[in-house]
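No value in this document is a laboratory result; all are computed from the given coordinates. Computed from a predicted structure; not experimentally measured. Here the Cβ is made from the backbone with ideal geometry for all residues, glycine too, and neighbour counts use every protein chain on show.
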Amino acid sequence: MKRLTCEMCGSTNLIKQNGVFVCQDCGTKYSVEDAKKMMTEEDAEISASTDKVDTVDSIENYYKMAEHAYASNNREEAEKYCNKIIEVDPDNYKAWLLKGQAVGWQTTLANIRLEEAVNCFLKAVDKASEEERESVEKKTLSEFYAISYALVKLCCENYAKNPSVQNADKIINVFGIITNSVHAMDEFAFALNRALMPGLVTHVIATTIAGYELRIREDYWEAPNYPSNFEWEYYINRCLGALRLLNLVIKLCDTDKLVLGPEELIIKACECKIHILRELDVSVAFEHTKEGGNTKYRLDDNDKQMIANMIMECQKRIKKINPDYKIPSESKSSSKGCYVATAVYGSYDCPQVWTLRRYRDNHLALTWYGRAFIYTYYAISPTIVKWFGHTEWFKNMWRRKLDRMVKNLQDKGYESTPYQDRDWR
């Protein structure tokens, strides 16, 4: 027990006499209640001081354990320790910042916690001192960027493996969450959009192209057998998912608050959309027979007109960005044109091209493999001609090859007289 100290002279020489405590140096008297109160206040001061030291030590220990758990990729454990700190000290910005990181990196496709992480980041910024605020802001932006990119990458990898409508919708949903989170971080929104969105949009475009070319298109156009009605409808459904992703890209690029309109990305998305729409337009299903297969299902006139309108919309959008872009003619001949041959010989209606068109309609188009070749050719050659069709080396290289091919076909009976294309689809 601590000894009583006289409040008047500071002496500790107090003796109890006749029911009171008397200072032997100055004679000041204290009742028993006063003495108890003096003892209690002193003990309380010591206790409070001790508790404060213990609390500081606990917070420091919890934070070290949280950092160790986070560094060991045990994000759930790190979050628990941060919560312990925040319970004791709600203004601890370091705990809020680390909790935001731990929460964000626990995100899965089944449990996206990005918005929760953003809430922690904003509290960390708000509670940081003036000296620490700038570094906390930089860390917040860096972590949000990394978590968002990793989340989109995860969704895109999932879509590339299985380009279904459901997986396309997951990407669209994730972009909605990211967009909402960006708006929540109001004062950092501009910097985030400039740094984050163009890369994410580019990733989505690349994923959509890969998903279509390596999965959707290959499963339908390059299948060994005639596609059934089920396979045709499955192809259409997956195409719609890819088109929705491209529409998302175009929408994001058109929104000034997000990507600030990177025109090259809009053009890329529109070109990819046109490519898919054109192949979707000529897709068909077959009825299997002993002779092979007969066309049974195809898009009706209303669907085809809708596709034509969407293609024209994309072309006008490209034209608006690039005035030098020429919208292809919608005439029958140009829509089915032999692109390389036309570039080499200078016209769609000339003897050599008439021969090649006859071969296409009366030989290649009669087999499934031949049709697959034609569709592949139409998918690739417009871009090749666009890039190189005006160059002399390109024309000279293909002229020799095509001349030999045309001569062989004419020797086999394919005429070089005027020809009207046959609808073989």
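Karplus couplings for the stretch 203-217 from phi (6.51 cos²θ - 1.76 cosθ + 1.60, θ = phi - 60°), rounded to Hz, Gly and Pro as x?
Each residue's phi maps through the Karplus curve to give 5, 5, 4, 4, 5, 5, 4, 5, x, 6, 5, 8, 10, 4, 5 Hz.
All other residues with a Cβ under 10 Å from the Cβ of residue 220 taken together, and with Lys, Arg as +1 and Asp, Glu as -1, what is their net charge?
-2
Could you work out the relative contact order of the chain, using alpha carbon pairs under 8 angstrom and six or more residues apart, expressed as a whole percent? The partial results should precede the final answer.
On the way: 466 pairs, mean separation 35.1, N = 425.
Dividing the mean separation by the residue count of the chain yields 8 percent.
What net charge do the residues around residue 340 carry, taking every other residue with its C-beta under 11 Å from that of residue 340, with Lys and Arg at +1 and Asp and Glu at -1?
Working: positive: 395, 399, 401; negative: none.
After counting each charged neighbour, the total is +3.
Multiply the residue separation of residue 312 and residue 244 by 0.36 nm, subtract the distance between their alpha-carbon atoms, and state the gained length in nm to one decimal. Walk me through the numbers on the way to the answer.
Working: separation 68, 0.36 × 68 = 24.48 nm, distance 1.71 nm.
In short, 22.8 nm is gained.
Name the residue from 408, 302, 286 whose Cα lies farthest towards the positive end of the charge dipole of the chain, charges +1 on Cβ of Lys and Arg and -1 on Cβ of Asp and Glu.
In the chain, that residue is 408.
Residue 172: net charge of surrounding residues, Cβ under 13 Å, Lys/Arg +1, Asp/Glu -1, itself excluded? Don't jump to the answer; show the numbers that get you there.
Numbers: positive: 170, 244, 251; negative: 169.
Value of the local net charge: +2.
Taking H as built 1.01 Å from N, whose amide H comes closer than 5 Å to the amide H of residue 113, not counting residues under 5 places away?
Amide H neighbours of residue 113: 107, 108.
Run the simple label-point estimate for residue 303 and residue 187 please: 7 Å along Cα→C-beta, distance reported in nm.
Distance between label points: 5.4 nm.
Taking 51 Å as R0, compute the FRET efficiency from the Cβ-Cβ separation of residue 80 and residue 219 and round it to 0.05. Numbers along the way, then the final one.
Details: r = 46 Å, r/R0 = 0.90.
E between residue 80 and residue 219, to the nearest 0.05, is 0.65.
Between residue 166 and residue 400, what length comes free when the chain is fully extended (0.36 nm per residue of separation minus the Cα-Cα distance, one decimal in nm)?
Details: separation 234, 0.36 × 234 = 84.24 nm, distance 4.86 nm.
Contour length minus Cα-Cα distance gives 79.4 nm.
With the cut-off at 23 Å, tell me which of the pairs 138/268; 170/320; 80/170; 80/123 have Cα atoms farther apart than that. Could you put the intermediate results ahead of the total?
Working: 138/268 32 Å; 170/320 31 Å; 80/170 29 Å; 80/123 17 Å.
Violating the 23 Å limit, Cα to Cα: 138/268; 170/320; 80/170.
What are the ³J(HN,Hα) couplings of the stretch 109-116, residue after residue, when phi is run through the Karplus curve with 6.51, -1.76, 1.60 and θ = phi - 60°? Round to Hz, x for glycine and proline.
Rounded to whole hertz, the list is 5, 7, 9, 7, 10, 5, 5, 5.
Per residue of the chain, what 222 nm ellipticity follows from adding -39500 (n - 2.57) for every DSSP H run with n ≥ 4, rounded to the nearest 500? Could you put the intermediate results ahead of the total?
Details: 16 runs with 290 residues, N = 425.
Computed ellipticity for the chain at 222 nm equals -23000 deg cm²/dmol.
Please turn the phi angles of the stretch 89-99 into ³J(HN,Hα) values with the Karplus equation 6.51 cos²θ - 1.76 cosθ + 1.60 (θ = phi - 60°), one per residue in order, whole Hz, x for glycine and proline.
Result, ordered by residue: 9, x, 9, 7, 5, 5, 5, 5, 5, 5, 5 Hz.
By how many degrees, between 0 and 90 and to the nearest 10, does the Cα long axis of helix 165-184 differ from the longest principal axis of the chain?
Computed tilt is about 40 degrees.
Of (1) 27.7; (2) 33.3; (3) 21.6, which is the value of mean projected area of the Cα convex hull in nm² derived from the coordinates here?
Derived directly from the coordinates: (2).
May I ask you to order 234-247, 211-224 by the average number of other C-beta atoms within 10 Å around their residues, highest value first?
Working: 234-247: 19.4, 211-224: 16.7.
By packing density, highest mean first, the sequence is 234-247, 211-224.
Residue separation times 0.36 nm, minus the C-alpha to C-alpha distance between residue 180 and residue 363: what's the value?
Working: separation 183, 0.36 × 183 = 65.88 nm, distance 5.54 nm.
In short, 60.3 nm is gained.
Once both axes come from the Cα atoms, what is the angle between helix 392-411 and the longest principal axis of the chain, in degrees from 0 to 90, rounded to 10?
The helix 392-411 is inclined about 50 degrees to the chain.
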